[in-house]
Amino acid sequence: MIRPRRNRKSAAIRALVRETSLEASDFVYPLFVHDEADDVAIESMPGCTRWSLEGLLKEVGEAHQLGIQAVVLFPAIEESKKTPLAQESYNDEGLIPRAIGAIKEAYPALCVITDVALDPYNSDGHDGLVEKDQQGGVTILNDETVDILCKQALSHARAGADIVSPSDMMDGRIGAIREALDEEGFTDVSILSYSVKYASAYYGPFRGALDSAPKAGDKKTYQMDYANTYEAIRELTLDEQEGADMVMVKPAGAYLDIISQVSESTTLPVAAYQVSGEYLMIQSASAAGWLDRKAVVLESLIAIKRAGAQIILSYFAKDVAQWLKESR
Ligand code: PBG
């Protein structure tokens, strides 16, 4: 008789036949930074911190020590520096360029990824520039935004970023950023495109972390409709043509079908972002004692990798690296 259970009969055999496993090097660790002296716990994302530059360096160092090879940085910008034209987003002396410089100096081998989008810098809380009409309606300007995104990407490249990661979903930005980087000689700076980013309620806690929620309107005219699949492949194809080095699907857990289709449709490395809402659901349910935190975190991440993601952005990255180390 054929008995599939034979392949599950001991931990040793299960380990032999296991198809998917996690490594610390699979992860990108997202970190929040602000221009203040203190490290401040983020209310909307329990367990996450808005780091001072000093705190950031310490956290990055600990994660790196555990085998994490890449971080992505998100800035919390003071309200007084937010403007309709988001000029602070390409200030060469701004928070992100300084953070990049400090990390690269302390840990040259670590891969530093930056988020390219205007929402932390924009007084309107949108990823692009906003045009308002008499009725209070908003239009997000595409091409004008792309010009600023290019300046932002250049300021990150000058500071030493290894990878810039546009999360804005404007049309044509990958090609424009590639050209801008190449023209200034940054031919080695990579682009990880948020190619397939859905307009998702799972981003709520993140916007609380950065005070970056849109002041008017929503993001549905640029982020994708979560009911759609073909659009994912269309965005993927365009970003490939425009020169993306890696592509991303976001969110991850509720979009495993999309991760799977995207990874089958491209030869580029595919990343997936386990976003703030996914993090918060596990954090809060396990804090209440309703879920086994470690078990559910690992299961959620294996699922994302099994679906086809080679790179995972997760707020649990450091915990996982710690657990992997302990299990060795
Ligand atoms: C903004 C950006 C967002 C996230 C990453 N970059 C929020 C948004 O698009 O509104 C979400 C990350 C998360 O929820 O963890 N460009």
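The values are calculated or read from the model by the stated rules, or taken from the named source; none is laboratory data. For clarity, every value in this text was computed on a predicted model and none was experimentally measured. Heads up, the Cβs are rebuilt from the backbone with ideal geometry, glycines too, and the neighbour counts pull from every protein chain shown.
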For the subset of segment 159-177 comprising residues that are surrounded by 22 or more Cβ atoms within 10 Å (Cβ to Cβ) and touching a Gly at 6+ places or on another chain (Cβ under 9 Å), which member is farthest from ILE103 (Cα to Cα)? MET170
What are the residue pairs meeting all of these: first residue in segment 205-233, first residue farther than 20 Å from SER193 by Cα, second residue among the basic types (Lys, Arg) and buried (at least 18 other Cβ atoms within 10 Å of the Cβ), Cβ atoms under 8 Å, and 6 or more apart or on different chains? ALA209/ARG50
Filter result for ALA285 (over 21 Å from the mean Cα position of the chain (by Cα) and closer than 24 Å to LEU210 by Cα): yes
Going through segment 120-146 in order, the residues found to be within 16 Å of the ligand (Cβ to nearest atom) and in a loop (DSSP other than H, G, I, E, B) are PRO120, TYR121, SER123, ASP124, GLY125, HIS126, ASP127, GLY128
Looking only at segment 235-257, decide whether some residue is surrounded by 16 or more Cβ atoms within 10 Å (Cβ to Cβ), closer than 30 Å to GLY47 by Cβ and more than 16 Å from the ligand (Cβ to nearest atom). yes
Kindly indicate whether any position in segment 187-200 is farther than 21 Å from VAL270 by Cβ and either crowded, with 18+ Cβ neighbours inside 10 Å or more than 16 Å from the ligand (Cβ to nearest atom) (or both). yes
Among the listed residues LEU149, LEU154, identify the single one that is away from the ligand (no atom under 15 Å from the Cβ) and either assigned to a helix (DSSP H, G or I) or touching a strand residue (DSSP E or B) at 6+ places or on another chain (Cβ under 7 Å) (or both). LEU154
Please go through (1) of a type outside the set (A, V, I, L, M); (2) modelled with pLDDT under 95; (3) closer than 24 Å to GLY208 by Cα for ASP133 and return the number of the only condition it doesn't satisfy. (3)
What is the residue count in segment 61-89 for residues that are among the acidic types (Asp, Glu) and either part of a loop (DSSP other than H, G, I, E, B) or within 16 Å of the ligand (Cβ to nearest atom) (or both)? 2
Considering only residues that are acidic (Asp, Glu) and part of a loop (DSSP other than H, G, I, E, B), look in segment 1-40 and name the one that is farthest from the chain's Cα centre (by Cα). GLU19
